[in-house]
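Notes follow once the structure below has been shown.
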Amino acid sequence: MEIQQVKAFLAVAEELHFGRAAQRLHMAQPPLSRTIRRLEKELGAELFERNTRSVRLTESGRALVEPARNILDACRLAEMAVTAAGSGQTGRVRIGFAGSSSHYLVGRWAKLVRRTHPGIEFVLDSSAYASEALNKLAAGKLDIGIVRLLFFPPGIASRVVARENLVVALPKEHPLADREQVRLEDLAHEAWVMLPAEPGSMLRELLLRIAHDVGFTPRIVQSDPDSLSLIALVSAGVGCSMTVSSVAANVINPEVVFVPLADHPEPLDVRLVWREDDDSAALREVLRLSEEALPTPD
């Protein structure tokens, strides 16, 4: 059964007149009659009783009306789904990120997507650190990453959505807790609690690099993948930690003081990253919405 046959059948069934049905379908009456006869032959049943004065549905014809309407409704829904997908109104976008500061960015963005494009499924992976996010992008397991990285491999596009400063989290009783700034070399003999080396934390790498530049290797005594847990360890006196200003602004712990780091005055860029060759309409629409929810800072 072809779609055109279904449309022809319903037109005749609803008009009960071949001439009016042909006008409704913008076709001549003889081709319409041939279409109905071909449909009846394929189904092995007469659908209409015809004479020179009237057209009536047979029992088989009456039985076909509702299924035929369902078929056309399904076709219209399919057309709407394809149109919506092509315009970015529906689809699935997978986003990878890590860190409490990124949670805030993603939350604001996801709220806008959900309100304006309910047909887009926003799938979140909150355990994707920078290097892992890039690997998942390359493997097609993520569509967008939120990362803090200085360099990107070929084929990766990016946009800055936030800028953060490095700070050191210290117990409030620490001798340097009242400083306006602290140099990393002044903390050379401290114990440190940091994000894990794997799957790849830029903050940990930065700590090691800056410490190397000023002449020491940090003694990292404990790792945890969650910034909130690290701050709890600092408050317990396990060690100090290097983190970013967004964590300092959003994590409240009266036992911890955040002091700006003097050794790295340049802010860190937080970027959205995606594959340049990804032509998904849903992805492009979500990226467009990101410019409203997460504008590039001045």
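The values are calculated or read from the model by the stated rules, or taken from the named source; none is laboratory data. A quick note: this is a predicted structure, and the numbers were derived from the prediction, not measured. Neighbour counts are summed over all protein chains in view; Cβ atoms, including those assigned to glycine, are modelled from backbone coordinates with ideal geometry. All accessible areas refer to the heavy atoms of the entire protein, side chains included, with ligands and DNA or RNA removed. Shrake-Rupley method; radii C 1.70, N 1.55, O 1.52, S 1.80 Å.
Descriptive notes on the structure:
- Using θ = phi - 60° and Karplus 6.51 cos²θ - 1.76 cosθ + 1.60, couplings along region 257-268 (whole Hz; Gly, Pro as x): 10, 9, 10, x, 8, 6, 6, 9, x, 6, x, 8
- Mean shadow area of the chain over all directions, Cα convex hull, nm²: 22.7
- Kyte-Doolittle mean at least 0.0, axial Cα span of 30 Å or more - DSSP H helices of the chain: 59-86
- Relative contact order of region 138-293, pairs being alpha-carbon contacts under 8 Å that are 6 or more residues apart, as %: 44
- On full extension, the segment bounded by Glu291 and Val123 gains 58.6 nm, given 0.36 nm per residue less the C-alpha separation.
- Net charge of Cβ neighbours under 11 Å - reference Ala282; Lys, Arg +1; Asp, Glu -1: -1
- Modelled FRET efficiency - R0 41 Å, Asp178 with Lys111, Cβ distances, 0.05 increments: 0.60
- Dimensions of region 178-298 along the principal axes, based on C-alpha atoms and rounded to the nearest Å, stand at 52, 30, 27, largest first.
- The chain: antiparallel DSSP beta bridges as a percent of all, rounded to 5: 60
- Loop-located GluC sites (Glu not before Pro) in region 132-234 (DSSP state other than H, G, I, E, B) with a sparse environment of at most 13 neighbouring Cβ atoms within 10 Å: Glu173, Glu180.
- Nearest-10 value in Å² for the accessible area of Val221, using the 1.4 Å probe: 70
- Each Lys or Arg adds one and each Asp or Glu subtracts one; over the other residues with Cβ under 14 Å from the Cβ of Ala28, this totals +3.
- Of all accessible heavy-atom area on the chain, the percent that carbon and sulfur account for (1.4 Å): 51
- Tensor-based shape of region 100-173 (alpha-carbon gyration tensor, a/c under 1.5 rounded, otherwise prolate or oblate): oblate
- Each Cα pair of region 1-94 feeds into the Kirkwood radius, which the Stokes-Einstein equation turns, at 4 °C and 1.567 mPa s, into a diffusion coefficient of 89 µm²/s.
- Under 5 Å between amide hydrogens, built in the peptide plane, is the criterion, and for Tyr129 it picks out nothing among residues at least 5 positions away or on other chains.
- Radius 10 Å from Cβ of Gly61, net charge of other residues (Lys, Arg +1; Asp, Glu -1): -2
- Sparse packing (at most 14 other Cβ atoms within 10 Å of the Cβ) combined with a DSSP loop state is found for the following trypsin sites (Lys or Arg not before Pro) in region 1-81: Arg53.
- Trypsin sites (Lys or Arg not before Pro) restricted to region 182-242 and DSSP loop, no more than 16 other C-beta within 10 Å: Arg183
- Tail weight of P(r) past 18 Å, computed on alpha-carbon pairs of region 211-269, percent: 40
- Calculated accessible area for the chain comes out at 53 Å² per residue, all protein chains present (probe 1.4 Å; ligands, DNA, RNA ignored).
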